[in-house]
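Since the structure comes first, as structure tokens, the remarks are kept for the end.
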Amino acid sequence: MDVVIRTIEPPEVEACSRAASLAFSQPFDKERFEAGLDTVEPDRTLAAWEGATVVATAGASTFRLSVPGGHLGAAGVRGVGVVPTHRRRGLLTGLMRRQLDDVRGRGEPLACLWASESRIYRRFGYGLAVLGLGWEATRATADFVPGIPVHLPVRLADDGEIRTAMTEVHERLWRTRPGMVDRSPAWVDYRLRRRGDLSHALVDGPSGVEAYASYQVSPGWGVGGPEHELSVAEALAVTPEAEGTIWRFLLDTDLVRTVRAGFRPSDEPLAWMLADTQALRRRVTDALWVRLVDIELALSGRRYPADVQMVLEVSDAFCPWNEGRWLVEGGPDGARCTRTTKQPHLSLDTADLAATFLGGVGVGPLVRAGRITERAPGAAAHAHRALAWDPPPWAVTFF
Ligand SMILES: CC(C)(COP(=O)(O)OP(=O)(O)OC[C@H]1O[C@@H](n2cnc3c(N)ncnc32)[C@H](O)[C@@H]1OP(=O)(O)O)[C@@H](O)C(=O)NCCC(=O)NCCS
């Protein structure tokens with residue numbers, strides 16, 4: 001039977017979600033599905049139909065992604081799956097084709113996603129642009145360097161207060177750090193409802209609520225006494241003192257033996273606040289993948305830490321409209337990206353350019369890995385400095 005790909009109507013959302021659950025080998029969770037319903041955009045959800053059955057699906061949410069020095073429109077690709085009986089016959093490729101053409105048609109310069117497996121998306125031009133950090137700490141060894149400010153007032157938050165903090169503190173961070181998608185009330189609601197068992201704490205500072213944490217304590221009693229585990233779902237802060245305070249609060253919770261956090265920023269400040277440099281047992285993880293759907297809009301839509309002038313020769317087999325030589329000129333106040341016939345400084349694939357785009361993955365390592373080719377002496381070092389950004393990107397919201 002033929003398979004037809006089309007966008008869905010609102011009543012068909014559940015069929016897509018069921019197909020995605022099947023693809024992920026997970027039981028369909030009605031409660032979780034309903035909690036996320038308001039975040040689904042049916043007109044951006046593609047389904048591959050075989051008769052009346054959904055055999056593959058790929059959705060997208062409309063976001064503003066923070067990039068170095070600003071924000072750009074980005075499709076947040078999600079809910080991608082092909083049912084086990086229909087794999088490796090090009091359905092994902094067909095969905096990606098339709099989706100990227102649609103993103104381009106909407107004028108969004110970027111697409112981004114969280115990948116289940118790292119081998120899937122490079123062929124469609126996505127590069128791994130944000131790395132994350134997972135860590136575990138033993139409470140007994142997690143003492144702070146003397147003098148680190150950690151003494152602002154902390155209070156537990158009710159539902160309304162945590163919603164406000166998850167919107168407003170997040171928004172302040174989103175204005176300064178690349179890699180974050182903006183948060184509508186529907187997204188805040190979804191984050192809270194999909195894990196309804198969380199506790200929340202707020203830190204009050206001179207400018208209002210300056211940090212918060214959502215966390216869960218799982219009680220455990222061993223032969224030697226309490227062995228509770230504290231798992232941090234989200235902890236955001238906008239000042240160093242609020243950051244220190246929220247971590248001190250979490251790491252000082254009585255009865256807790258182990259504290260865990262995942263998808264933290266690669267430059268986790270807590271690592272530098274603790275006296276023992278080994279106190280956080282860290283693991284680097286893959287976080288957000290980025291696709292430059294329109295290279296001209298993307299490279300002219302971010303800022304650069306110092307003056308930059310470079311010619312990039314880009315190959316892009318899946319989105320050939322991006323192929324060719326691009327002159328990037330700009331600096332801290334803005335930039336332009338235009339087509340050129342000048343000699344290139346670097347030759348690279350669109351996926352590797354995307355990896356460097358948010359300033360977290362360096363040109364230098366990609367040149368040394370043989371992925372980016374330097375065409376003029378010193379060009380790699382110049383591009384490395386030009387594309388880097390402080391702070392590095394952090395993907396806070398899983399979508
Ligand atoms: C990943 C998935 C969507 C791929 O769908 P698909 O329809 O089989 O993909 P396609 O047939 O279009 O494959 C395109 C190419 O990608 C390769 N590929 C696809 N999935 C891959 C994977 N998981 N690992 C490595 N390569 C993969 C295929 O081999 C094929 O390569 P080829 O062109 O050289 O032959 C599907 O296997 C799936 O649903 N997996 C479980 C859920 C999941 O991981 N979803 C992604 C969420 S981010």
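Nothing in this text is a laboratory measurement; each read-out follows from the coordinates by a stated rule. These numbers were taken from a predicted model, which means no experiment stands behind them. Ideal geometry is used to build each Cβ from the backbone, glycine not excepted, and the neighbour counts take in all protein chains shown.
Side notes on the structure shown:
- Farthest toward positive dipole pole in the chain [+1 Lys/Arg, -1 Asp/Glu at C-beta], among 344, 361, 164: 344
- Size of the range 43-120 as Cα extents on the principal axes (Å, biggest first): 45, 26, 15
- Cβ-Cβ FRET estimate between residue 97 and residue 120, R0 fixed at 22 Å, reported to 0.05: 0.90
- Over the chain, Cα pairs under 8 Å with separation of 6+ residues give a relative contact order of 19 percent.
- Note on the range 66-158: Cα-Cα pairs beyond 19 Å make up 63% of the total pair count.
- Fully extended contour minus Cα-Cα distance, from residue 143 to residue 3, at 0.36 nm per residue: 44.5 nm
- For the chain, the calculated P(r) over all alpha carbon pairs, in 10 Å bins from 0 to the bin holding the longest distance, is 5, 21, 28, 25, 17, 4, 0, 0 percent.
- Each 5 Å bin from zero up to the one holding the largest Cα-Cα distance in the range 294-387 carries the following percent of pairs: 3, 15, 27, 30, 19, 5, 0.
- Entry for the range 132-286 at q = 0.09, 0.11, 0.13, 0.19 Å⁻¹: log10 I(q)/I(0) = -0.28, -0.42, -0.59, -1.31, Debye formula applied to identical alpha-carbon scatterers, no solvent contribution.
- With neighbours defined as other Cβ atoms within 10 Å of a residue's Cβ, the residues 398, 263, 357 order from fewest to most as 398, 263, 357.
- Gain upon complete extension [residue 204, residue 340; 0.36 nm per residue less C-alpha separation]: 43.8 nm
- Full-extension gain in nm, residue 25 to residue 53, via 0.36 nm per residue minus C-alpha separation: 8.4 nm
- Taking Cβ atoms as reference points and 13 Å as the exclusive limit, the residues near residue 355 contribute a net charge of 0, counting Lys and Arg as +1 and Asp and Glu as -1.
- FRET efficiency for residue 156 and residue 189, using Cβ-Cβ distance with R0 set to 22 Å, rounded to 0.05: 0.65
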